[in-house]
1. Could you check the simple spin-label distance between ILE123 and SER83, using points 7 Å along Cα→Cβ, in nm with one decimal?
2. For the chain, modelled as a Gaussian network with Cα springs under 10 Å, which listed residue fluctuates most, ASP88, ASP77, ASP54?
3. Work out the FRET efficiency for PHE142 and PHE44 from their Cβ-Cβ distance, taking R0 = 41 Å, and round it to the nearest 0.05.
4. Which lysines does LYS47 reach when only Cα atoms under 25 Å apart count, and residues fewer than 8 places away in its own chain are ignored?
5. Given a Förster distance of 30 angstrom, what is the FRET efficiency for VAL22 paired with SER102, based on the Cβ-Cβ distance and rounded to 0.05?
6. Which peptide among 162-169, 139-146 comes first, and what is the full order, when sorted by highest mean count of other Cβ atoms within 10 Å?
7. Compare ARG61, ARG179, ARG78 in a GNM of the chain, Cα atoms joined below 10 Å, and give the one with the largest fluctuation.
8. State the dimensionless ratio Rg/Rh of the chain (Rg: radius of gyration of Cα atoms; Rh: Kirkwood radius).
Amino acid sequence: MDPNLSRVLWLVKWILAIPHFVVLAFLWVAYVVLWVVALFNILFTGKYPRGIFDFNVGVLRWSWRVGFYCCSVLGSDRYPPFSLKPTDYPATFDVEYPENLSKGLALVKWWLLAIPHYLVVGILHGGVGPRSGGLNSILVIFAAVALLFTGRYPVSIFDLVMGFNRWAFRVTAYASLMRDEYPPFRLSP
């Protein structure tokens, strides 16, 4: 979390992030199409195509930075970069490239095996995606109001929403077939 967050900038961050939302809408359409391509490639070869993997991780990375800035955390006043690549932005995201993936797991992990996580993430975020509402949004609103009146973001709320987001992105990476390791049921790293 940035130490000197503005008391009022959070009121307009979502407006400032509209260009990101527009670009991300198109990127997420490409993400889904490429996920299907990756699924079939994994089924036949046991490998996630490296270019598709890097692109999809980049979309998750960009989504995380925008969420960290305006919706999911409000953890920085620095405007997020328009980039799929890693940057020096305070919110980072990366998934290690897997050399081999299970062909059989690719058929069931994204829907059947992930159901328990979908239920938990649905409660935490109000939906399957990392920024859909739910308990996370309520806590971020409390943090924003505290920031407005006290000038401080409560550290305990920050830690909790970071844990919620961490969990959601781990599940997203798993359901996106990027990992075979089942995501842990925990908020910590």
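Values quoted throughout were computed directly from the atomic coordinates according to the rules given, and no laboratory measurement underlies them. In this text, all values refer to a predicted model and were calculated from it rather than measured experimentally. Cβ: placed from backbone, ideal geometry, glycine included. Neighbour counts: every protein chain shown.
1. My value for the distance between the label points is 3.9 nm.
2. ASP88
3. Here the calculated transfer efficiency is 0.25.
4. LYS85, LYS103, LYS109
5. The value I calculate is 0.25.
6. 162-169, 139-146
7. ARG78
8. That ratio is 0.99, to two decimals.
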